[in-house]
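Reading through the structure tokens given below for one structure.
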Amino acid sequence: MSDPTGPDASVPEWPDVDVIMPIRNEAAHLTAAVTAVRSQEYPGIVRIFLGVGPSDDGTEQVAMELASTGDDLVVVDNPSGITPSALNAAIRAGSAPVMVRVDGHSELSDGYIRRAVETMRRTGAVNVGGLQVPVATTPFEEAVAAATTSWLGSMRPAATGFDALTPPPTSSTTPCKRTSAATLSSRARRSTTTGSVLTLHS
């Protein structure tokens, strides 16, 4: 068991990071999501792997255009269109010791990856995550955001007991659709997916 009082020496100070994004029908939000990842101030190397499923809104074209603007982004085909398949394909395409899962309609807050890695190294955890903060753009979305962040809609951060360890929150640009906050995991063991949750096992 790792010593919670000091850094985990098995994790490099700034390990390379693979950002894993399962994508389908996200043409309207993908550029903002990728831009938020590319804007992260992280001392290590960050690469983005988009697991792109069949879409009817031009998502594939947007993904290819983003890939053409830098060698830090790789488009991975996901013919099944299923989220776990996209995650597995994107994970297999990368090789970094740390992975960050980000949804295509979410935007990482400033410093998310850096603080997440710091938290992982400090605590010895193999999986850390942030809070989801809905960002409304219409009155209907404001109502949905208020409902989903109330004590009736979801557990409040203080109730989970993990608020002191969580990195900065992610923000969703489509709060009317419940999204997963980004999670960061160590590739210390073989990584697979169960449903839409990134898990680790021997």
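Here are a few things to note about the model shown:
- Residues that are basic (Lys, Arg) and more than 15 Å from the chain's Cα centre (by Cα), drawn from the range 86-105: Arg92
- Candidates are the residues of the range 61-79 that are among the charged types (D, E, K, R) and out of contact with any strand residue (DSSP E or B) (no Cβ under 6 Å at 6 or more places or on another chain); the one that is nearest to Asp103 (Cα to Cα) is Asp77.
- When Pro97, Pro79 are checked against the criterion of being more than 19 Å from Gly44 (Cβ to Cβ) and surrounded by fewer than 18 Cβ atoms within 10 Å (Cβ to Cβ), Pro79 stands alone in meeting it.
- Scan of the range 110-122 for residues that are part of a helix (DSSP H, G or I) and charged (D, E, K, R), ordered by number: Arg114, Arg115, Glu118, Arg121, Arg122
- Strands (runs of 3 or more DSSP E) enclosed by the range 31-109 - at least 2 residues per element that are among the β-branched types (Val, Ile, Thr): 46-52, 73-77, 98-101
- Whenever a residue of the range 50-62 is farther than 13 Å from Val75 by Cα, its partners that are hydrophobic (A, V, I, L, M, F, W, C) and part of a loop (DSSP other than H, G, I, E, B), lying with C-beta atoms within less than 8 angstrom and at least six residues away or across chains, give the pairs Ser55/Ala27; Asp57/Ala27; Asp57/Ala28; Gly58/Ala27.
- Residue match in the range 172-184 (condition: within 18 Å of the chain's Cα centre (by Cα), within 23 Å of Gln40 (Cβ to Cβ), modelled with pLDDT of 65 or more and not in a loop (DSSP other than H, G, I, E, B)): no
- On inspection, Asp56 qualifies as more than 21 Å from Val133 (Cβ to Cβ), surrounded by fewer than 22 Cβ atoms within 10 Å (Cβ to Cβ) and out of contact with any helix residue (DSSP H, G or I) (no Cβ under 7 Å at 6 or more places or on another chain).
- Failed item, numbered, when Leu108 is tested on (1) more than 16 Å from His29 (Cβ to Cβ); (2) among the hydrophobic types (A, V, I, L, M, F, W, C); (3) at pLDDT below 95: (1)
- Test result for Arg101, closer than 25 Å to Ile23 by Cα, modelled with pLDDT under 95 and basic (Lys, Arg): yes
- Flag if Gly70 is in contact with a Gly (Cβ under 6 Å, 6 or more places away or on another chain) and surrounded by fewer than 20 Cβ atoms within 10 Å (Cβ to Cβ): no
The values are calculated or read from the model by the stated rules, or taken from the named source; none is laboratory data. Note that this is a predicted model, so its numbers are computed, not measured. Cβ atoms come from the backbone with ideal geometry, glycine included; neighbour counts cover every protein chain shown.
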